[in-house]
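The values are calculated or read from the model by the stated rules, or taken from the named source; none is laboratory data. This one's a predicted model, so the numbers in the text were calculated from it and none came from an experiment. Backbone-built Cβ (ideal geometry, glycine too); neighbour counts: all protein chains shown. With ligands, DNA and RNA removed, areas are computed over all heavy atoms of the protein, side chains included. Shrake-Rupley method; radii C 1.70, N 1.55, O 1.52, S 1.80 Å.
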Amino acid sequence: MSRQAAAALHLLQTTNSLSLTRQSHAYFLRTGFFFDNQFATKLLSLYANNLRFTEARNLLNTIQFPDVFSFSTLIHSYSKHKNHNCENTNHHEIIFLLSKMLSFGLLPDTHIIPSVIKSCTALRDTKNGKMIHGYCVINGFFQDSFVLSSLLHFYVKCCRLWDARKVFDEMSEPDVVSCSALVSGYARQGCVNEAKMVFGKMREFGVEPNLVTWNGLVAGFNQSGNCLEAVMVFQEMCLCGFKPDGMTVSSIVPSVGDLGDLLLGVQIHGYVFKVALLSDKCVVSALIDMYGKCSSTVEMSRVFDEMCFKDVGACNALISGFARNGLTEDALAKFKELRKKELELNVVSWTSIIACCSQHGKDMEALELFREMQVSGVKPNAVTIPCLLPACGNIAALMHGKSAHGFSLRTGILNNVYVGSALIDMYANCGRIKFARICFDRMPVRNIVCWNAIMGGYAMHGNANEVIKIFRLMEQSDQKPDFITFTSLLSACSHSGFTEQGERFFNKMTKEYGMKPRVEHYACLVTLLSRAGKLKEAYSTIEQMPFEPDACVWGALLSSCRVHGNVNLAEVAANKLFELEPNNPGNYVLLSNIYANKGLWKEVDRVRDLMKSMGMRKNPGCSWIEIKNKVHMLLAGDRSHPQMAEISEKMDNLVMEMKKAGCLPVTSFVLQDVEDQEKEHILCGHSEKLAVVLGILNTSQGSTIQVIKNLRICGDCHDVIKFISKFEQREIFVRDTNRFHHFKDGSCSCGDYW
Ligand code: ZN
Ligand code: ZN
């Protein structure tokens, strides 16, 4: 060996510097000096310690006969250091190195195995993990405590608790870390008894549970939704003298909220204050969420306002707290305020405010927020879209719905079942049942929500045949029907007048599927019978119900009484309804319409006086129509729309044409006892007609018109729109609270059966 080579070798033994390492490496390469494994490994570890993994690996590739030590050096470096670009890269490297090692006929030892298992754990790589487990059993490494405890963690993390338990039972002296891992694994999977059993056995093994063990148990039960268990463990923990830390508190508070135990929540809040945990952001967010769940919104806002540094988690908890309690205005105001403060609101924040709006009738606001969200650079995800789509459906904002569909397609979330179901609902609600069907047919995976969505869609469109067909398909698939499935089936039958089939499905539900009919199924049955004119049978069904009929059931009877002009039964139903929902003006209006229809004007007056004395006003009829991406809202009798003059002129024109054609408007649908001329005038103000006329004025000849109404369509408007569909040669969809009416060539898809 030359003196220079000896100096270079000496340098390698003493240095840590990357540049010196590179210099020595270069010297050896230049002089062609053969260096043995010992020196190569030294070089390798120097590169690895300096995080030069590529250089280390290249060096390993040049070693002709690498040994176990060369591999273990590199594996250790990989497992010690994090790759900041991609967390999993190093783990993949480690597994690759293991397979390479085996290809050289080198066997990993008990130093290497735990690192490799750690990588399998991080990657949730059960295949390789199980293989290594087998290798350990064959090669007698199963006594090594490091190997066993890393295998235990591996199985717990991969949710294979049965395997974890087998490994645990092999341990001669399980330590507190292993015990805690298994206990929390069981708790997280909701295996309450097993978790408690292992926890109880710890002391038998001579292992004292520590704070980590308790926290694992509390957090695990909380995560698996065993709220009561979590609270009980928490109380026991305090009794045993353990001081809850931030981790404990942020795990227990959600359970307290789910249980609605405000008293315990307040106690924990007091404790948090006492031990100065209020600087822990997770703790504060959890407290805000808990107060929201306990409907204690004042306290919720106070906790938020007193926070020094507000973070996005706390903001989201606050917004969803307002939303949960129906305080939409507060949620919106707070959201606006937070945006002004330039807080980094994320996709969760935007999604919860959009959900809040679309769930509480603020559909236009939801659409606007969705637009602003995208403008501000936050990307919607597979949760946002199903929250937004109901808003599009509610007001038939088809263009907005379609653009959300396009977005889902582009971002690859279309195969998500919740996105798919929401799209089906949206298209059905916007009158595009064919699009809904295409979405349904193209779904790669379907769950009960998807099946119910498409059946509900067809039911709303009054297409009972298709609902029944899909139900048959469902019966042939693996999917079991649920309560909602039968509601759709029965309501479809009632809309289409399929009385006998409906009754058969009602019986099938109990006899074949063993489901007890709920009140909504009875409501459908009552509608089914009473619409077919079997009012007496409907009434006796109500009397024989196994529980108290609710407003829906009586409401179904009352509206059928209007169709069949049965005043006596209408009075029975209405009186029940006045008891059940004294403040719903709809019931009074319906009864007075029935009286008006029969010319019983004194009775009409009586109902009107009753309404007045209770300080009630008729719910204003309201309709929506989307024209060129903009949604217009029209209120009955409201003349504020900028095109009102044009609408009136067109309306007068149409009424004249109608008279010419011999179709006279039905004036019995007006509440007041007024002169015929006046009645006609009031009828002209109905919002659905105004919306249809607005549509005719602003869309091209022959295009389809789509209107949504917040109340049931009235008979007069039904007649007028039938006439318009023929006279103007337009297809017109009107969705009321009950179903879809598809007007074409002077007739309606409901066959006047509504
Ligand atoms: Zn009307
Ligand atoms: Zn109709």
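Quick notes on this structure:
- One decimal place: the segment Glu500-Phe205 gains 99.4 nm when fully extended, by the rule 0.36 nm per residue minus the C-alpha distance.
- J(HN,Hα) series, region 333-339, from Karplus relation 6.51 cos²θ - 1.76 cosθ + 1.60, nearest Hz, glycine and proline x: 4, 5, 4, 4, 4, 5, 5
- Ser19 sits with roughly 70 Å² accessible to a 1.4 Å probe, with DNA, RNA and ligands left out of the calculation.
- Degrees separating the helix 192-204 axis from the principal Cα axis of the chain, which is the longest one: 30
- Accessible-area rank, largest first, for His686, His111: His111, His686, with all protein chains present and a 1.4 angstrom probe.
- Contour minus Cα-Cα distance for Thr704 and Ser279 (0.36 nm per residue): 147.2 nm
- Angle between the chain longest axis and helix 161-170 axis [Cα atoms, degrees, rounded to 10]: 30
- Antiparallel content of DSSP bridges confined to the chain, in %, to 5: 80
- Under-5 Å amide H pairs with Val707, H placed in peptide plane, nonlocal only: Phe733, Val734, Arg735
- Above-threshold pairs, the threshold being 32 Å between Cα atoms, out of Lys130/Lys201; Lys243/Lys379; Lys576/Lys598; Lys362/Lys480; Lys534/Lys722: Lys243/Lys379; Lys362/Lys480
- Shape class for region 415-550: prolate, because the ratio a/c of the largest to smallest gyration tensor axis (alpha-carbon atoms, square roots of eigenvalues) is 1.5 or more and a/b beats b/c.
- Karplus-derived 3J(HN,Hα) values for region 127-134, using 6.51 cos²θ - 1.76 cosθ + 1.60 with θ = phi - 60°, are 5, 5, x, 5, 4, 5, 4, x Hz; glycine and proline are entered as x.
- Accessible area per residue was computed with a 1.4 Å probe on protein heavy atoms; Trp601 scores about 70 Å².
- In angstrom, the C-alpha Rg and Dmax of region 483-544 are 10.5, 30.
- Spacing of the modelled spin labels on Val177 and Glu579, each 7 Å from Cα toward Cβ, amounts to 6.9 nm.
- With 25 Å as the limit, the listed pairs Lys196/Lys293; Lys536/Lys689; Lys336/Lys689; Lys689/Lys726 have Lys196/Lys293; Lys536/Lys689; Lys336/Lys689 beyond it between alpha carbons.
- Percent accessible area from carbon and sulfur atoms, region 541-619, protein chains only, probe 1.4 Å: 48
- 3J(HN,Hα) from dihedral phi, region 149-159, Karplus parametrisation 6.51/-1.76/1.60, rounded to Hz, x for glycine, proline: 5, 6, 5, 4, 4, 4, 5, 4, 5, 8, 6
- Straight-line cross-link reach from Lys310 at under 12 Å between alpha-carbon atoms covers these aspartates and glutamates, not counting any fewer than eight positions away in the same chain: Asp280, Glu342, Glu344.
- Whole-number D in µm² s⁻¹ for region 127-204, Kirkwood Cα-pair radius fed into Stokes-Einstein, 20 °C, 1.002 mPa s: 171
- Amide H contacts of Ile395 (H built 1.01 Å from N, in plane; Pro and chain starts excluded): no residue 5 or more places away or on another chain comes under 5 Å.
- Accessible surface calculations at 1.4 Å, restricted to protein heavy atoms, place the chain at 48 Å² per residue.
- For the chain, the spherically averaged projection of the C-alpha convex hull amounts to 44.7 nm².
- Label-point gap, in nm, between Gln235 and Glu571 - each point 7 angstrom along Cα→Cβ: 5.7
- At the residue level, Phe69 shows approximately 140 square angstrom of accessible surface with a 1.4 angstrom probe and all protein chains present.
- Between the helical axis of 398-411 and the longest alpha-carbon principal axis of the chain there is an angle of about 20 degrees.
- GluC sites (Glu not before Pro) restricted to region 329-402 and DSSP loop, no more than 11 other C-beta within 10 Å: Glu342, Glu344
- Short-range pairs are left out: with C-alpha atoms under 8 Å and at least six residues apart, the relative contact order of the chain is 5 percent.
- Proximal aspartates and glutamates to Lys166, defined as alpha-carbon separation beneath 14 angstrom and excluding residues fewer than eight positions away on the same chain: Glu194
- Volume per residue that the Cα convex hull of region 541-619 spans, once the total is divided by residue count, Å³: 81
- Around Val256: net Lys/Arg minus Asp/Glu count, Cβ-Cβ under 14 Å: -4
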